[in-house]
1. Looking at (1) touching a residue at least 12 places away in the same chain (Cβ under 8 Å); (2) not in a loop (DSSP other than H, G, I, E, B), which is the only condition Glu9 fails?
2. Is it true that some residue in the range 101-111 is modelled with pLDDT under 90, open to solvent by less than 40 Å² (accessible area, probe 1.4 Å), in contact with a strand residue (DSSP E or B) (Cβ under 7 Å, 6 or more places away or on another chain) and of a type outside the set (Ser, Thr, Tyr)?
3. Go through the range 29-83 and count every residue that is outside any helix (DSSP H, G or I) and either open to solvent by 60 Å² or more (accessible area, probe 1.4 Å) or of a type in the set (Val, Ile, Thr) (or both).
Amino acid sequence: MLRLLLLDEQRMFVEALGQCLSTVPDLWVAGSADPAEVDLPDKAAATRPDVITIDVAPFGARAPEVLRYLSEMTPGTSLVVLASRSRPALAVEAARAGVAAWVPKERGIAELVTVIRGAHRGEGWYPPEVLGTVLRSLREDVRTAAAGDGPLDVLSSRERDVLAGMVEGKRAWRIAEELFISVQTVRTHTRSILGKLNVHSQLEAVTLARSVADTAAKPKPVQGAAGRDPV
């Protein structure tokens with residue numbers, strides 16, 4: 001049974017969604033709440049969810065911060081955003097925060113169930129209308145970070161390509177297909193990546209890559225004349 005925590009400000013929607021998902025034999029809706037009103041750490045501790053669904057639209061500009069907070073607060077739990085509208089830029093931030101899936105609310109329950117199961121297995125899912133933007137941004141993040149003076153410098157160019165594919169949530173066969181190499185070669189590169197980065201799993205490698213990318217993406221303060229900070 002997969003334990004679910006449903007977070008949405010629209011009470012009628014979340015109750016209806018909970019009733020629909022409760023009819024699926026391998027899903028258990030352990031709890032639901034308005035994310036703006038509930039104490040999320042206590043709620044997550046009480047429900048121990050395998051998957052959290054959340055609509056971040058009510059948070060506005062704070063949405064990326066909320067997603068990062070949820071991701072850090074619930075390690076091992078997969079996050080699935082239920083999007084009210086297509087927002088590619090926010091989808092990119094969601095992916096950077098570790099969100100497994102981005103599902104438009106107009107999609108059907110059957111598709112959502114498939115996405116929830118896949119997210120729990122470590123699979124990623126973003127719709128075509130935002131996927132291209134997400135993948136390009138994540139790949140650029142990794143390449144930008146790898147080009148600087150940081151922990152990813154130890155990786156070869158090909159290893160960086162493999163790591164970029166891992167960050168995008170691709171399976172070994174898909175990475176192999178896109179890089180025109182064998183699956184065994186991808187696995188060899190993966191073992192080398194784990195060893196060079198001194199991590200023990202692909203998840204740790206991806207987390208490190210995202211952390212480095214986030215650091216590189218943060219704007220640096222601009223100084224005024226004579227090295228003074230601008231007023």
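1. (2)
2. No; the residues of the range 101-111 include none that is modelled with pLDDT under 90, open to solvent by less than 40 Å² (accessible area, probe 1.4 Å), in contact with a strand residue (DSSP E or B) (Cβ under 7 Å, 6 or more places away or on another chain) and of a type outside the set (Ser, Thr, Tyr).
3. 17
The values are calculated or read from the model by the stated rules, or taken from the named source; none is laboratory data. Values in this document were obtained by computation on a predicted structure and should not be read as measured data. Cβ atoms come from the backbone with ideal geometry, glycine included; neighbour counts cover every protein chain shown. Quick note on the areas: whole protein, heavy atoms, side chains included, nothing else; ligands and nucleic acids left out. Shrake-Rupley method; radii C 1.70, N 1.55, O 1.52, S 1.80 Å.
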